[in-house]
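A.B. asks: Sharing a structure below in structure tokens format, with a few things to ask.
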Amino acid sequence: MAFLYDRELQYVTGKGGVGKTTVALAVAMAAAHTGRRVVLCEVAGQARAAGLYGLDPAAPDRELQLEDGLWTTTIDPVVALEEWAGRQIGSRRLVGLLTHSNAFAAFVNAAPGARELVAITKAWELGRTDRWVKGRSGYDLVVVDAPASGHGVGMLRTPRTFAEIARVGPIAGQARKVVDLLEDPARSAVVAVALPSELSVSETLALEGDVATALGRPLDAVVVNGVLPRRFSARDLECLLTFDGAVPAPVIAAARRQHGQGSAQQGQLQRLRRHASAHVTTLPFVPAARLGVEDVRALARRLAGA
């Protein structure tokens, strides 16, 4: 995964329940450890990264430092639109009047795709040296903890849609800048997170096609999360059975179950590697009811070496 850290933006998506947020944070950690200035963007009102560090979430328009080189922020489309309009209009008084009249909220909530457009545009803005709000510094890498696959692809598609509809003017111009970033594989990366299961692999292969249709480029990488260790081979199981009653039945059953689950996962991994054009890497299953910072840090180290 280290080959992706020189990009300006990494967009991490995948079906719900695959560990997308954990992988996004691990990617951000790994990149920050290379000396880059990194921000993790959460969308849809999520602010999980701060809680993992035992910190209170920052306001949507603020960037909270988690550790050296790593920040997090939650993108609120209404606040982001206010920032963008303030830059375009150049009058705080007029922007204040629009804010108090709920004009921004009305636009974001009424226009199809507006929420997605503003969110991905805000992610683009975080990587600029010339930020919308004076005094704020840009980031070397923006990692987007994107919506689940269907909505995630929709967010990738909206900048081009708005650019083609508007054609001219500030919205069209801004949308084209985002399109240029998303469609350039030298500047951005799209990463899918999956589980080593039949359904998840099938969905990921479909996602690869959807991303190619939306951006004209394939996925850059697939991170398969929650892979079980291969503790027992078929020969190991045969040896256990030869001890005729010496090995308790529950132990044999557990060994069989673990071997069966691991073999099924390896079969799906082989299928994914056979059909996906993207680089495929794996992360191990972590036997914890709730992951902590050090658990994610260990996963980040694995990604750095993948």
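A.B. asks: Please give the number of the condition GLY154 fails out of (1) over 26 Å from VAL39 (Cα atoms); (2) free of Cβ contacts under 8 Å to residues at least 60 places away in the same chain.
C.D. replies: The single condition GLY154 does not satisfy is (1).
A.B. asks: Could you look through the range 214-259, keep only residues that are at pLDDT below 95 and of a type in the set (S, T, N, Q), and pick out the one that is farthest from GLN270 (Cα to Cα)?
C.D. replies: Across the range 214-259, the extreme among qualifying residues is THR242.
A.B. asks: Counting just the residues of the range 185-212 that are without any contact (Cβ under 8 Å) to a residue 24 or more places away in the chain and open to solvent by 50 Å² or more (accessible area, probe 1.4 Å), which one comes out farthest from GLY17 (Cα to Cα)?
C.D. replies: If we take residues in the range 185-212 being without any contact (Cβ under 8 Å) to a residue 24 or more places away in the chain and open to solvent by 50 Å² or more (accessible area, probe 1.4 Å), then ALA206 is farthest from GLY17 (Cα to Cα).
A.B. asks: Here are some conditions: (1) within 30 Å of GLY35 (Cα to Cα); (2) within 18 Å of the chain's Cα centre (by Cα). VAL286 meets all but one. Which one does it not meet?
C.D. replies: Of (1) within 30 Å of GLY35 (Cα to Cα); (2) within 18 Å of the chain's Cα centre (by Cα), only one is false for VAL286: (2).
A.B. asks: Any residue at all in the range 41-59 that is open to solvent by 20 Å² or more (accessible area, probe 1.4 Å), closer than 14 Å to ALA300 by Cα and in a helix (DSSP H, G or I)?
C.D. replies: No, the conditions are met nowhere in the range 41-59.
A.B. asks: Looking only at the range 1-31, filter to residues that are of a type in the set (Lys, Arg) and surrounded by fewer than 24 Cβ atoms within 10 Å (Cβ to Cβ); which one of those is nearest to the chain's Cα centre (by Cα)?
C.D. replies: Among them, the one singled out is LYS15.
A.B. asks: Additional query: For the structure I just gave you, tell me whether THR161 is at pLDDT below 95 and β-branched (Val, Ile, Thr). Before you say what the answer is, go through the steps one by one.
C.D. replies: Numbers: at pLDDT below 95: yes; β-branched (Val, Ile, Thr): yes.
Against the criterion (at pLDDT below 95 and β-branched (Val, Ile, Thr)), THR161 qualifies.
A.B. asks: Do any residues in the range 17-31 that are on the phi > 0 side of the Ramachandran plot have Cβ atoms under 7 Å from those of residues that are of a type outside the set (Gly, Ala, Ser) and open to solvent by less than 10 Å² (accessible area, probe 1.4 Å), where the two are at least six apart or on different chains, and which pairs are they?
C.D. replies: GLY19/VAL193
A.B. asks: Name every residue in the range 255-292 that is small (Gly, Ala, Ser), without any contact (Cβ under 8 Å) to a residue 40 or more places away in the chain and in a loop (DSSP other than H, G, I, E, B), in order of residue number.
C.D. replies: ALA288, ALA289
A.B. asks: Please give the number of the condition THR34 fails out of (1) open to solvent by 70 Å² or more (accessible area, probe 1.4 Å); (2) in contact with a Ser or Thr (Cβ under 9 Å, 6 or more places away or on another chain).
C.D. replies: Unmet for THR34, out of (1) open to solvent by 70 Å² or more (accessible area, probe 1.4 Å); (2) in contact with a Ser or Thr (Cβ under 9 Å, 6 or more places away or on another chain): (2).
A.B. asks: Within the range 168-254, which helices (runs of 4 or more DSSP H) (wholly inside it) include 1 or more residues that are closer than 27 Å to ALA31 by Cα?
C.D. replies: Helices (runs of 4 or more DSSP H) meeting the threshold: 170-182, 198-215.
A.B. asks: Tell me yes or no: at least one residue of the range 216-223 is in contact with a Ser or Thr (Cβ under 7 Å, 6 or more places away or on another chain), closer than 30 Å to ALA300 by Cβ, touching a residue at least 60 places away in the same chain (Cβ under 8 Å) and among the acidic types (Asp, Glu).
C.D. replies: There is no residue in the range 216-223 that is in contact with a Ser or Thr (Cβ under 7 Å, 6 or more places away or on another chain), closer than 30 Å to ALA300 by Cβ, touching a residue at least 60 places away in the same chain (Cβ under 8 Å) and among the acidic types (Asp, Glu).
A.B. asks: Can you pull out the residues in the range 272-295 that are under 26 Å from SER202 (Cα atoms) and out of contact with any Asp or Glu (no Cβ under 8 Å at 6 or more places or on another chain)?
C.D. replies: Within the range 272-295, LEU272, ARG273, ARG274, HIS275, VAL280, THR281, THR282, LEU283, PRO284, PHE285, PRO287 qualify.
A.B. asks: Still on this structure, please answer the following. Do you know which of the residues in the range 252-267 that are under 39 Å from the mean Cα position of the chain (by Cα) and farther than 28 Å from THR204 by Cα is surrounded by the most Cβ atoms within 10 Å (Cβ to Cβ)? Can you show your working first?
C.D. replies: Within the range 252-267, the subset under 39 Å from the mean Cα position of the chain (by Cα) is 253-267.
This time we only want the ones that are farther than 28 Å from THR204 by Cα, so: 253-256.
Values: ALA253: 10, ALA254: 13, ALA255: 17, ARG256: 14.
Step by step, filter the range 252-267, then rank; the result is ALA255.
A.B. asks: Considering only the range 268-289, how many residues are touching a helix residue (DSSP H, G or I) at 6+ places or on another chain (Cβ under 9 Å) and loosely packed, with under 14 Cβ neighbours inside 10 Å?
C.D. replies: 4
The values are calculated or read from the model by the stated rules, or taken from the named source; none is laboratory data. In this text the structure is predicted, and so the values were computed from the model without any measurement. Note: ideal-geometry Cβ built from the backbone for every residue, glycine included; neighbour counts use all protein chains shown. Side chains are part of the model used for accessible areas, which takes the heavy atoms of the whole protein and leaves out ligands, DNA and RNA. Shrake-Rupley method; radii C 1.70, N 1.55, O 1.52, S 1.80 Å.
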